[in-house]
Amino acid sequence: MPLLDLTPAEIAFLTLPAARPDALQARLAGKLAATLSARLRLPLQAEVRAAAAPVEAPATPAWQPDAALATLWLTRRLGGRHVMGVAASVPHTLVHTLDAMLAECWLDAPAQSALPPALAWHLRCDRTQATLVLQLPLSTTDMTRWAREIIRHG
């Protein structure tokens, strides 16, 4: 019995990219929660949120943690238990940790299609709620180059 030729619909289905853009955000949410939970030594949950597109795409990924996350990071990393006040700036160590996590996640399974301009998460940890936004470059090639550089120099 001869095999039938594939229909155009079957060919289109089989040639779809392996990863959808929203799959990247969901994967990152899991890695983000695991990484921050370990570093902060507190259980943390990350929920996917809609993000506004930036006016201009950055050349490399750009994290935008809010003041609540920056304060939580500083408090916990310096040995504090109760979050009070507001951090004056975003700690470099927080951005470095997020960059390393993003680079690993990207190189494990890079997106096959165009990147979304921005991703966002709502973070809940103990009594603190925070927002984290990530602006992405337009090109998957630029993203791969950046991720390799982060891993090489991390």
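Nothing in this text is a laboratory measurement; each read-out follows from the coordinates by a stated rule. Everything quoted here is computed from the prediction, not taken from an experiment. All Cβ positions, even for glycine, are placed from backbone atoms using ideal geometry, and neighbour counts span all protein chains on display.
Odds and ends about this structure:
- In terms of its alpha-carbon gyration tensor, the stretch 1-123 comes out prolate; a/c meets the 1.5 threshold, and the first ratio a/b outweighs b/c.
- Directionally averaged projected area (the stretch 52-124, Cα convex hull): 6.3 nm².
- More than 13 Å apart - percent of Cα-Cα pairs taken over the stretch 88-154: 71
- Applying the Karplus relation 6.51 cos²θ - 1.76 cosθ + 1.60 with θ = phi - 60° to the stretch 29-46 yields 3J(HN,Hα) values of 4, x, 5, 4, 4, 5, 5, 5, 4, 5, 6, 8, 6, 8, x, 10, 10, 10 Hz, where x marks Gly and Pro.
- Taking every C-alpha pair closer than 8 Å and separated by at least 6 residues, the mean separation divided by the residue count of the stretch 47-126 gives a relative contact order of 51 percent.
- Peptides 29-35, 110-116 ordered by packing proxy, namely the average of other Cβ atoms within 10 Å per residue, highest first: 29-35, 110-116.
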